[in-house]
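K.L.:
Submitted below is the structure of interest, expressed as structure tokens.
The values are calculated or read from the model by the stated rules, or taken from the named source; none is laboratory data. The structure presented is a predicted model; accordingly, all values stated were derived computationally and were not measured. Virtual Cβ from ideal backbone geometry, glycine too; neighbours counted across all protein chains shown. SASA here: full protein model, heavy atoms, side chains in, ligands and nucleic acids out. Shrake-Rupley method; radii C 1.70, N 1.55, O 1.52, S 1.80 Å.
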Amino acid sequence: GEPGAARAPTMTASELAAHLVSKVCPRLPKASGPVALIINDLGAATPMELAIFGAACVRAVEAKGYVVSRILTGALMTALDMHGVSLSVAALDDALTKALDAPCRSPAMQTGAFKKHEADEAPLVAPDAAAIADAMPPAVKGDLEDSDRAATVAKAAAQAVLAAEAELTALDEKVGDGDCGTTLAQGATAILAAVDAGLPAGASGVAAALSGAVAGSMGGSSGVLYDL
């Protein structure tokens, strides 16, 4: 029953972060300098949602001229299972930084919970050099060299999936969430469209075209798996 400060249409993570930052940052004692962010899950936000929103908050705060030095995320103060987030920004000095870095053990915050943030830091993992250097395997004679034959096979497989949509959905309703037939049908329809548009020559070209069709049309984990 709390009225809140305002009602607004649903925003993207970046829009919400920019909106909250525009309200919070003007209240800070300094117009620049190091700050700590507390990015709070109000109860039902997923870790992925919190990570996306948190990254947007870092960008929005640093766009205002501040340096994000410490970040804490998690379900720190919840409101039952509210699907939402909150943002707190604190100006840092030596004393507060030392306090944030001090040992702590509680249900919501453990030692090292505040993570140091560097603006030019990027969580990238370098791929294995050997994997990059591997040459493409030589073409096997007759193996999808004929794009027409590949198109015929792909079209037949997609049509078979469409014909089985109702059966797949019925099976998934018994053991899953009932969307298997619908999801696969979306992928099959996209594959038929790709075949009609014309498949590239060669195994890699055909695989890339079909993978792209599936990736752009199927949702859920199955879409990702078939894309791979």
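For every residue, the table says whether it meets (1) within 30 Å of Gly74 (Cβ to Cβ); (2) at pLDDT 75 or above; (3) in a loop (DSSP other than H, G, I, E, B).
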site	(1), (2), (3)
Pro123	yes, no, yes
Ala126	yes, no, yes
Ala139	no, no, yes
Asp143	no, no, yes
Gln186	no, yes, no
Ala190	no, yes, no
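K.L.:
How many residues does the stretch 65-85 hold that are surrounded by 17 or more Cβ atoms within 10 Å (Cβ to Cβ) and outside any loop (DSSP other than H, G, I, E, B)?
P.N.:
8
K.L.:
Sticking with this structure for a sec: Output the residues belonging to the stretch 192-202 that are among the small types (Gly, Ala, Ser), in a helix (DSSP H, G or I) and either touching a Pro at 6+ places or on another chain (Cβ under 9 Å) or open to solvent by less than 30 Å² (accessible area, probe 1.4 Å) (or both).
P.N.:
Taking the stretch 192-202 first, the residues among the small types (Gly, Ala, Ser) are 193-194, 197-198, 201-202.
Within this subset, residues satisfying the condition of being in a helix (DSSP H, G or I) are 193-194, 197.
Across the stretch 192-202, the qualifying residue is only Ala194.
K.L.:
Collect the residues in the stretch 17-43 that are farther than 10 Å from Ser86 by Cα, open to solvent by 40 Å² or more (accessible area, probe 1.4 Å) and either at pLDDT 95 or above or not in a strand (DSSP E or B) (or both), keeping them in residue-number order.
P.N.:
Ala18, His19, Ser22, Lys23, Pro26, Arg27, Pro29, Lys30, Ala31, Ser32
K.L.:
Taking Gln159 as the residue in question, decide whether it is within 28 Å of the chain's Cα centre (by Cα), modelled with pLDDT of 80 or more and not in a loop (DSSP other than H, G, I, E, B).
P.N.:
Values: within 28 Å of the chain's Cα centre (by Cα): no; modelled with pLDDT of 80 or more: yes; not in a loop (DSSP other than H, G, I, E, B): yes.
No, not satisfied.
K.L.:
Which pairs turn up if I take residues in the stretch 4-15 that are part of a loop (DSSP other than H, G, I, E, B) and look for partners that are among the basic types (Lys, Arg) and open to solvent by 70 Å² or more (accessible area, probe 1.4 Å) with beta carbon separation below 9 Å, at least 6 apart in sequence or on another chain?
P.N.:
Ala5/Lys23
K.L.:
Test of understanding: among Ser217, Ser222, Ser211, which residue is assigned to a loop (DSSP other than H, G, I, E, B) and surrounded by 14 or more Cβ atoms within 10 Å (Cβ to Cβ)?
P.N.:
On the way: Ser222 fails: assigned to a loop (DSSP other than H, G, I, E, B); Ser211 fails: assigned to a loop (DSSP other than H, G, I, E, B).
None of the other options fit; the residue is Ser217.
K.L.:
Taking Leu50 and the conditions (1) without any contact (Cβ under 8 Å) to a residue 60 or more places away in the chain; (2) surrounded by 17 or more Cβ atoms within 10 Å (Cβ to Cβ); (3) outside any helix (DSSP H, G or I); (4) of a type in the set (A, V, I, L, M, F, W, C), which numbered condition does it fall short on, given that it satisfies the others?
P.N.:
The number of the failed condition is (3).
K.L.:
Same structure again: Go through (1) exposed (fewer than 13 other Cβ atoms within 10 Å of the Cβ); (2) modelled with pLDDT of 90 or more; (3) of a type in the set (Gly, Ala, Ser); (4) under 22 Å from Ala8 (Cβ atoms) for Ala95 and report which single condition fails.
P.N.:
All conditions pass for Ala95, except number (4).
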